[in-house]
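Take a look at the structure below.
The values are calculated or read from the model by the stated rules, or taken from the named source; none is laboratory data. What you are looking at is a predicted structure, and each value in this text was computed from that prediction instead of being measured. We place every Cβ from the backbone using ideal geometry, glycine too, and count neighbours over all the protein chains shown.
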Amino acid sequence: MILPNPLYTTDSGAAYLGDSLKLLDQLESDSIDLVLTSPPFALQRKKSYGNVDQEDYVDWLVEFCQKVYRVLNSTGSFVLDLGGAYESKRPVRSLYNYRVLIKLCDELGFRLAEEFFWYNPAKLPSPIEWVNKRKIRAKDSVNTVWWLSKTDNPKANVSNVLVPYSERMKKLQADPQKYYTPKERPSGHDISKNFATDNGGAIPSNLLEIANTESKSSYIQLCKSISIPPHPARFPQKLPMFFIKFLTDPGDIVLDIFAGSNTTGFAAEQLERSWMSFEQEPSYLASSAFRFLDKSQSLQDTLTLYECLINQKKSVYLNTSKQLSLKL
């Protein structure tokens, strides 16, 4: 593995500035446990973070995914968050995200382990023309998240991502005889008395309800403090945390090839996983270092750090075991 010097490092990972296609070529085959990323979406309107037209998007993304396949190990997973889109000037949904999925499976050899759907209740109504003005479509609040693998049995442990039991289930566990009678259901499922056992939580569904709000995070606060714009298309930290806990163990390597504000790297750091992040936009990667700082960081220290990173003078070490300790 012959990567260039990272823009910054932490106790568990490193953030690299550059084209992911070239950086992926520097990684050893079968070396990564989880690739988790949210590429620029195929939108009709150009965005500052570099989205590609729908017509070219599928081939553009598949080129990256081909390299991901090589570096992913046999028990590893590839989690791809893709937002939906409408056809240009038409109230008709694009099929680009499904075309991506079919190509990845039919041509590259990925397996679709499971499809997930990320529901963001905080998402603003869109597209305005069809939802707000003409009122002929419902609000688009769900992203497709493809969980892909190279084999039928990638590493996974749903016990790591259990969710709280419903109130009804809690009542059943407290008094099984009152609320539940073991018997075969009309569906053919034979539900035994063990159904009421407390296993520490319920198995989550593949619909993940996570509001995309982080206005109070150190990243947002420190960006504001030195008057630089945060990345405009961030996903919430709970999303990568779910998949990192579900699909990896402590010490495994997590890679994000479209890092943006490095939410994935920060989540991996919190969960004691090793991580690498690739991003080609200098300002986004430089400001992503703020995720690893306390929001009480002084204005001068924040500005000094950003200027050092944006000018790429040398690699910066962020001592995350002592959050405010920087080596410039």
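V163 satisfies every condition listed in (1) in contact with a Leu (Cβ under 8 Å, 6 or more places away or on another chain); (2) at pLDDT below 95; (3) surrounded by fewer than 16 Cβ atoms within 10 Å (Cβ to Cβ) except (1). Can you confirm whether R111 is surrounded by 13 or more Cβ atoms within 10 Å (Cβ to Cβ), among the basic types (K, R) and modelled with pLDDT under 95? Criteria not met by R111. Consider Y306 carefully, then state whether it is outside any loop (DSSP other than H, G, I, E, B), under 25 Å from L34 (Cα atoms) and not small (G, A, S). For Y306, the condition - outside any loop (DSSP other than H, G, I, E, B), under 25 Å from L34 (Cα atoms) and not small (G, A, S) - is not met.
May I ask you to verify whether P6 is at pLDDT 90 or above, in a loop (DSSP other than H, G, I, E, B) and buried (at least 22 other Cβ atoms within 10 Å of the Cβ)? Judged against the criteria, P6 is not a match.
Annotation note: of D81, D59, D30, the sole residue that is of a type outside the set (A, V, I, L, M, F, W, C) and modelled with pLDDT under 95 is D59. On the stretch given as region 258-301, residues that are of a type in the set (A, V, I, L, M, F, W, C), closer than 19 Å to G18 by Cβ and out of contact with any Asp or Glu (no Cβ under 9 Å at 6 or more places or on another chain) total 1. Across region 273-307, the qualifying residues are those that are of a type in the set (S, T, Y) and within 17 Å of the chain's Cα centre (by Cα), and the one among them that is surrounded by the fewest Cβ atoms within 10 Å (Cβ to Cβ) is S274. Within region 234-252, identify whether any single residue is at pLDDT 95 or above, under 30 Å from S296 (Cβ atoms) and assigned to a loop (DSSP other than H, G, I, E, B), and answer yes or no. Among the residues of region 234-252, at least one is at pLDDT 95 or above, under 30 Å from S296 (Cβ atoms) and assigned to a loop (DSSP other than H, G, I, E, B), which makes the answer yes. Kindly indicate whether R70 is more than 24 Å from K22 (Cα to Cα), out of contact with any strand residue (DSSP E or B) (no Cβ under 8 Å at 6 or more places or on another chain), outside any strand (DSSP E or B) and in contact (Cβ under 8 Å) with a residue 12 or more places away in the chain. So R70 does not fit the description; no. Whether a residue is under 19 Å from T213 (Cβ atoms) and surrounded by 13 or more Cβ atoms within 10 Å (Cβ to Cβ) was assessed, and V100 does not pass this test.
Number of residues in region 71-91 that are closer than 13 Å to D252 by Cβ and either of a type in the set (D, E, K, R) or touching a Leu at 6+ places or on another chain (Cβ under 9 Å) (or both): the value is 3. For region 73-92, a residue qualifies if it is more than 11 Å from L36 (Cα to Cα), in a strand (DSSP E or B) and either not small (G, A, S) or not assigned by the TED database to the domain that holds D25 (or both), and the qualifying residues are N73, T75, L82, Y86.
If you scan region 213-232, which residues turn out to be surrounded by fewer than 18 Cβ atoms within 10 Å (Cβ to Cβ) and touching a Phe, Trp or Tyr at 6+ places or on another chain (Cβ under 8 Å)? Within region 213-232, I226, I228, P232 meet the criteria. Looking only at region 259-272, residues that are buried (at least 21 other Cβ atoms within 10 Å of the Cβ) and either hydrophobic (A, V, I, L, M, F, W, C) or assigned to a helix (DSSP H, G or I) (or both) come to 8 in all.
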